[in-house]
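Since the structure comes first, as structure tokens, the remarks are kept for the end.
The values are calculated or read from the model by the stated rules, or taken from the named source; none is laboratory data. These numbers were taken from a predicted model, which means no experiment stands behind them. All accessible areas refer to the heavy atoms of the entire protein, side chains included, with ligands and DNA or RNA removed. Shrake-Rupley method; radii C 1.70, N 1.55, O 1.52, S 1.80 Å.
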Amino acid sequence: MGSHDLPHASSFKGGSETFLRNVFENILKTYLKKNPTAKKIWELVQSVDNEKIFYDHFTFKTLKVDGYGIDSLSSFFMDYGYKVKGEYDFTNKKLRARWFSPPDVHVPDDGHGLGTGPLPQLVLAEVLVDELSPESQEIIKKYLKPEGGKQALLSSTLGSLIWEKPTWTDFKQLAKENEFAAWALIHGYTMNHLAISNHRLKHRFSDIKCLKEYLEEKGFELNKDGGVLKVSQDDLLLQISSISEKLAVEFADGVTQTIPASYVEFIDRLVLPQFKDLPHDQIEEFHRRPDFDFDNGKNIGQHPFHLK
């Protein structure tokens, strides 16, 4: 078969679109297996009106030390056509995030999900370890051995740590200074959260306020930081999210404690003002509000640790 028979070959430098989609499928399966509440919400939305899911973005948190940071994951995705679109610094959190847009792929009229739908954007974050205290740096570097970051993608699909599981003593000490670093140390490259495209839903949940009320009626607790419905300054980006899953984890020193895991987000990208008069059936994704919101992100991305 010649290259002219492969309609998307030019978009994927490192291999096939099918392989990339399978990677995402396995990342999603690992995330859903580890986060029962997020899985219930994910299943519930699809069960109402036979709704089809589309993904806005997948988010990961990493530790910037010895090749374990953003680049340890981004190198794979960039081989498949992902491109850097922006960078954000959360100075008070010692955190940097980079946003990647996916390659263009053909999406059939009935395409949806990870199998045939649009590929998700990526948000890859890294804790700036060299800006932490010497004590926290020592804890992190005790576990993250040089060169191990090369296994980042495999770790995210399997949901297994590359390094040894930390002790509760080390985890608790690190969490007191930086909750994001502690989260990454215990959860590794497991997806931090996924965001579902609310505006792509076809039925009642295409109204994010309706979805919010429905989830609350079903007893799901939503993140209230910055308000349950988070609205960007330009009023064009609306977001809601569940609170982080609480999981019981046995640490290396035999202590079992309940700590935050991941969550699920819904994001509604409204039509840009210059396209507001377009007929609804002519609106494409590029007519909608792009990018992310710095202020919303500060609230959605929090993982409160209540340490004993």
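Computed 3J(HN,Hα) for segment 81-97, one whole-Hz value per residue from the Karplus formula 6.51 cos²θ - 1.76 cosθ + 1.60 where θ = phi - 60°, is x, 5, 10, 5, 10, x, 9, 10, 10, 9, 4, 5, 9, 6, 10, 10, 10, glycine and proline marked x.
Using the heavy atoms of the protein chains and a 1.4 angstrom probe, tell me the accessible area per residue for segment 111-247 in square angstrom.
Ligands and nucleic acids excluded, the figure is 42 Å² per residue.
Rg and Dmax of segment 141-253, based on Cα coordinates, read 18.2, 50 Å. Close amide H partners of residue 63, meaning residues 5 or more places away or on another chain with modelled amide H under 5 Å apart, are 127.
Expressed in whole Å with the largest first, what are the equivalent ellipsoid semi-axes of the chain derived from the C-alpha gyration tensor as the square root of 5 times each eigenvalue?
Details: eigenvalues 200, 116, 65 Å².
Gyration-tensor ellipsoid for the chain: 32, 24, 18 Å.
Run the numbers on segment 154-225 and let me know its relative contact order in percent, using alpha-carbon pairs under 8 Å that are six or more apart. 25 percent. Beta bridges assigned by DSSP with both partners in the chain are antiparallel in approximately 70 percent of cases. Within the listed set 188, 149, 219, the Gaussian network model of the chain (springs between alpha-carbon atoms below 10 Å) gives the highest mean-square fluctuation for 219. Helical runs (DSSP H, four residues minimum) scored at -39500 (n - 2.57) apiece and divided by the length of the chain put the mean residue ellipticity at 222 nm at -9000 deg cm²/dmol. Length available on full extension from residue 222 to residue 16: 0.36 nm per residue minus the Cα-Cα distance, which gives 70.4 nm. Computed over the alpha-carbon pairs of segment 102-207, the distance histogram in 10 Å steps reads 12, 34, 25, 17, 11, 1 percent, short to long. Here residue 34 is the anchor, and the lysines within straight C-alpha reach of less than 19 Å, apart from those fewer than 8 places off in the same chain, are 61, 165, 246.
Database remark: amide H of residue 121 closer than 5 angstrom to the amide H of 57, 58 (H placed geometrically; neighbours at sequence offset of 5 or more, or on other chains; Pro and chain starts carry no H).
State, as an integer percentage, the relative contact order of segment 136-196 based on alpha-carbon contacts under 8 Å between residues 6 or more apart.
Relative CO of segment 136-196 lands at 39 percent.
Look at the alpha carbon pairs under 8 Å that are at least 6 residues apart: their mean separation over the length of segment 109-237 gives a relative contact order of 16 percent.
More than 20 angstrom separation, counting every C-alpha pair in segment 1-157; what % is that? I get 58 percent for the Cα pairs in segment 1-157 exceeding 20 Å.
For segment 83-132 and segment 59-79, write down the distance between their C-alpha centroids in whole Å. Between the Cα centres of segment 83-132 and segment 59-79 lies a distance of 11 Å.
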